[in-house]
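S.K.: Got a structure for you, written out below as structure tokens; questions coming shortly.
The values are calculated or read from the model by the stated rules, or taken from the named source; none is laboratory data. Worth saying up front: this structure is predicted, and the values here are computed from it rather than measured. Neighbour counts run over all protein chains shown; Cβ positions are idealised from the backbone, glycine included. SASA here: full protein model, heavy atoms, side chains in, ligands and nucleic acids out. Shrake-Rupley method; radii C 1.70, N 1.55, O 1.52, S 1.80 Å.
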Amino acid sequence: MLRLLLLCLIQVFSLACAARDKATVELSIQPEARTFSAQYTLNTRVTGGKLLLNLNKPYHLTNLTGPNVRNYTSALFFDSFTGDTLRQITVEFLTKNPRQQVTVQYNGTIAARFAADSMAEFTAHASWVPTIPNQEYAVVDYRLTVQVPDAYQVVSTRPARSSTLGRYIFEGRTSTIEIGALAARKFFSLTSPTPATLVNLYKANRPCTASDSLLVRNAGKIIAYFNQIIGRKDPIRHFTFLLPGINRSASGLLDKAAIIAYTTFDTQDPDDLLILAHEISHKWWGYGTWNTYDNWLNEAFATYSGLLYLQAASDTVSFQKELSKRQKSAATAPILLGFEPRNYPYPVRRQVLYDKGTAILFKLHQRLGDELFFRILTATAAAQVATTDHFLRIVERESSLVIRQWLQAQLSQ
């Protein structure tokens, strides 16, 4: 009986692995020239014998091959969600196999927002890998090989599997769009003294400061708190910060990491502390589709998680100030359930997916109390929820049908 159960578990695990997309990326960077070339091989599910891929428009597509590729076409189109023109590649296959493999070769110039003296950034916001439309957040097993001039170093969201002079190999699992790395002449690093959670910080080309040390310490406190209220079933044991030294924005990654792209970032400031907590929580909130209303499962959940930390850190003044700001914005926002982001400008999208979603989560929290609300957060994080319907089912299971119906009404007004 035990042997049969073991075989069943192995079979289920094998099927899950087989279903997940696999990406192998070979990236060659010339930081001084701010240019790169890439070869991206994707093994993915395909229906109808056709695959669509979107590629950032400035990049030059040089070739696309595959063992079963019949032909491919490439055309520019305007994507209303990103508000930009993209290149869409349509691949047709000889046979309608359920899984297909394609290799895309392309090159280009690194945009100014992702390059500085002796630094090149290839991260999620750079949109440097091809993606299947509407599956940008799909989880993929990846292997990333980065080649740089010998004078450069490369870091990523996890330690290199292997490295030699000018060549680094990383392996892991993350969302498709978040495969990435930084290249710089030198990285300065910090490591947290906290035994429960290892926090590493890598800063490109500049020595670490007292603010960086504070960032690492506060990250350890935030992670310890989140492990109690969100990550009981899937806690953070290690976390990585990458600081490229560019003044742009911050982004939290599924692979227990965050990019802090600001030239100054001081977590003594409640605004920066809120950003830090928000981005760390994206380790759990990173599965909803990015261009539909289900993205509130990422952004509102991360926003409210950040507010919860401010409250837990006894900064009730900042908590109430930030919550009130979002409640005021939510009062004039369109309905969340069924919201179509493509039909609205970015400020309205943010108003709905960040602010209105946050206000609704606060109402749910007030109605349920800490114990039940945190149990729902934990269950939602562990289930890697990507749709609002799935979240509503968890709410019903953990509380009641009455609460689910109440929450659905909140999302519909």
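S.K.: Exactly one condition in (1) open to solvent by less than 10 Å² (accessible area, probe 1.4 Å); (2) assigned to a loop (DSSP other than H, G, I, E, B) is false for PRO207; which is it?
M.R.: The single condition PRO207 does not satisfy is (1).
S.K.: Can you pull out every residue in the range 153-166 that is surrounded by 15 or more Cβ atoms within 10 Å (Cβ to Cβ) and part of a strand (DSSP E or B)?
M.R.: GLN153, VAL154, VAL155
S.K.: Just checking, does the range 327-349 include any residue being under 23 Å from the mean Cα position of the chain (by Cα), on the phi > 0 side of the Ramachandran plot and surrounded by fewer than 16 Cβ atoms within 10 Å (Cβ to Cβ)?
M.R.: Here is the first cut: in the range 327-349, the ones under 23 Å from the mean Cα position of the chain (by Cα) are 336-342, 344-349.
Next cut, on the phi > 0 side of the Ramachandran plot only: 338.
Then keep just the ones that are surrounded by fewer than 16 Cβ atoms within 10 Å (Cβ to Cβ); that gives 338.
Within the range 327-349 (the criterion being under 23 Å from the mean Cα position of the chain (by Cα), on the phi > 0 side of the Ramachandran plot and surrounded by fewer than 16 Cβ atoms within 10 Å (Cβ to Cβ)), the answer is yes, since at least one residue qualifies.
S.K.: In the range 143-174, which residues are in contact with an Asp or Glu (Cβ under 7 Å, 6 or more places away or on another chain) and among the hydroxyl-bearing types (Ser, Thr, Tyr)?
M.R.: Selection gives THR145, THR157, THR174.
S.K.: Answer yes or no: is there a residue in the range 237-244 that is more than 17 Å from the chain's Cα centre (by Cα) and β-branched (Val, Ile, Thr).
M.R.: no
S.K.: If you check THR44 against the conditions, is it more than 30 Å from ARG185 (Cβ to Cβ), modelled with pLDDT of 95 or more, touching a Gly at 6+ places or on another chain (Cβ under 7 Å) and among the hydroxyl-bearing types (Ser, Thr, Tyr)?
M.R.: Judged against the criteria, THR44 is not a match.
S.K.: In the range 384-402, how many are touching a Lys or Arg at 6+ places or on another chain (Cβ under 7 Å) and either among the basic types (Lys, Arg) or surrounded by 17 or more Cβ atoms within 10 Å (Cβ to Cβ) (or both)? First the steps, then the outcome.
M.R.: In the first step, residues of the range 384-402 are kept if they are touching a Lys or Arg at 6+ places or on another chain (Cβ under 7 Å); the result is 392, 395-396, 398.
The next check asks that each one be either among the basic types (Lys, Arg) or surrounded by 17 or more Cβ atoms within 10 Å (Cβ to Cβ) (or both); those that pass are 392, 395, 398.
The number of residues fulfilling the criteria is 3.
S.K.: Considering each residue of the range 49-77, count those that are within 25 Å of the chain's Cα centre (by Cα) and β-branched (Val, Ile, Thr), and give that number.
M.R.: We begin by selecting, within the range 49-77, every residue within 25 Å of the chain's Cα centre (by Cα); these are 51-59, 77.
Narrowing the set further to residues that are β-branched (Val, Ile, Thr) leaves none.
Within the range 49-77, residues that are within 25 Å of the chain's Cα centre (by Cα) and β-branched (Val, Ile, Thr) number 0.
S.K.: Return the pair list, or none, for Cβ contacts closer than 6 Å from residues in the range 234-260 that are under 11 Å from ILE280 (Cβ atoms) to residues that are of a type in the set (A, V, I, L, M, F, W, C) and assigned to a loop (DSSP other than H, G, I, E, B), at least 6 apart or on different chains.
M.R.: Pairs that qualify, where the first residue is under 11 Å from ILE280 (Cβ atoms) and the partner is of a type in the set (A, V, I, L, M, F, W, C) and assigned to a loop (DSSP other than H, G, I, E, B), are LYS256/ILE236.
S.K.: Further, regarding this structure: Among ILE179, ILE169, which is the only one that is open to solvent by less than 30 Å² (accessible area, probe 1.4 Å), within 20 Å of GLN39 (Cβ to Cβ), more than 20 Å from the chain's Cα centre (by Cα) and not charged (D, E, K, R)?
M.R.: Numbers: ILE179 fails: more than 20 Å from the chain's Cα centre (by Cα).
After applying the criteria, what remains is ILE169.
S.K.: Also: Output the residues belonging to the range 350-374 that are open to solvent by less than 30 Å² (accessible area, probe 1.4 Å) and farther than 20 Å from THR387 by Cα.
M.R.: Matches in the range 350-374: GLY369 only.
S.K.: Check whether at least one residue in the range 80-98 is touching a residue at least 12 places away in the same chain (Cβ under 8 Å), within 20 Å of LYS22 (Cβ to Cβ) and polar (S, T, N, Q), and report yes or no.
M.R.: Yes: one or more hits.
S.K.: Just checking, does the range 389-398 include any residue being within 24 Å of LYS328 (Cα to Cα) and touching a helix residue (DSSP H, G or I) at 6+ places or on another chain (Cβ under 8 Å)?
M.R.: no
S.K.: I'm trying to understand the selection: among the residues of the range 236-258, which are within 17 Å of LEU198 (Cβ to Cβ) and surrounded by fewer than 17 Cβ atoms within 10 Å (Cβ to Cβ)?
M.R.: Answer for the range 236-258, where residues must be within 17 Å of LEU198 (Cβ to Cβ) and surrounded by fewer than 17 Cβ atoms within 10 Å (Cβ to Cβ): ARG237, HIS238.
S.K.: Something else about it: Can you confirm whether ASP150 is over 22 Å from the mean Cα position of the chain (by Cα) and exposed (fewer than 15 other Cβ atoms within 10 Å of the Cβ)?
M.R.: yes
S.K.: Just to be sure I understand the filter: pairs with C-beta atoms under 7 Å, separated by 6 or more residues or on different chains, first member in the range 153-166 and under 18 Å from ILE259 (Cβ atoms), second member outside any strand (DSSP E or B) and open to solvent by 70 Å² or more (accessible area, probe 1.4 Å). Which pairs pass?
M.R.: That search, which allows pairs on different chains as well, returns GLN153/LYS186.
S.K.: Based on what the data block shows, is ALA381 surrounded by 17 or more Cβ atoms within 10 Å (Cβ to Cβ) and either in a loop (DSSP other than H, G, I, E, B) or modelled with pLDDT under 95 (or both)?
M.R.: Judged against the criteria, ALA381 is not a match.
S.K.: How many residues, within the range 43-71, are closer than 16 Å to PHE93 by Cβ and touching a residue at least 60 places away in the same chain (Cβ under 8 Å)?
M.R.: Total satisfying the criteria: 4.
S.K.: Which of the residues belonging to the range 66-77 are over 18 Å from PRO133 (Cα atoms) and open to solvent by less than 60 Å² (accessible area, probe 1.4 Å)?
M.R.: The answer is GLY66, ASN68, VAL69.
S.K.: Taking the range 26-58, which residues are in a strand (DSSP E or B), under 15 Å from GLU121 (Cβ atoms) and either basic (Lys, Arg) or open to solvent by 60 Å² or more (accessible area, probe 1.4 Å) (or both)? Walk me through how you get there before you give the answer.
M.R.: Quick first cut of the range 26-58, residues in a strand (DSSP E or B) only: 26-30, 35-45, 47, 50-56.
Filter again for under 15 Å from GLU121 (Cβ atoms), leaving 27, 29-30, 35-36, 38, 56.
Selection gives GLN30 alone.
S.K.: Can you name every one of the strands (runs of 3 or more DSSP E) wholly within the range 229-284 that holds 1 or more residues which are of a type in the set (Val, Ile, Thr)?
M.R.: Strands (runs of 3 or more DSSP E) meeting the threshold: 238-243, 257-261.
S.K.: Does the range 78-126 hold any residues that are in contact with a Gly (Cβ under 6 Å, 6 or more places away or on another chain) and open to solvent by 60 Å² or more (accessible area, probe 1.4 Å), and which are they?
M.R.: Answer for the range 78-126, where residues must be in contact with a Gly (Cβ under 6 Å, 6 or more places away or on another chain) and open to solvent by 60 Å² or more (accessible area, probe 1.4 Å): LYS96, GLN101.
S.K.: Need pairs with beta-carbon distance below 6 Å; first residue in contact (Cβ under 8 Å) with a residue 12 or more places away in the chain and within the range 335-357, second open to solvent by less than 30 Å² (accessible area, probe 1.4 Å) and of a type in the set (Lys, Arg); sequence gap 6+ or separate chains.
M.R.: If the second residue must be open to solvent by less than 30 Å² (accessible area, probe 1.4 Å) and of a type in the set (Lys, Arg), the pairs left are LEU336/LYS356; PRO341/ARG349.
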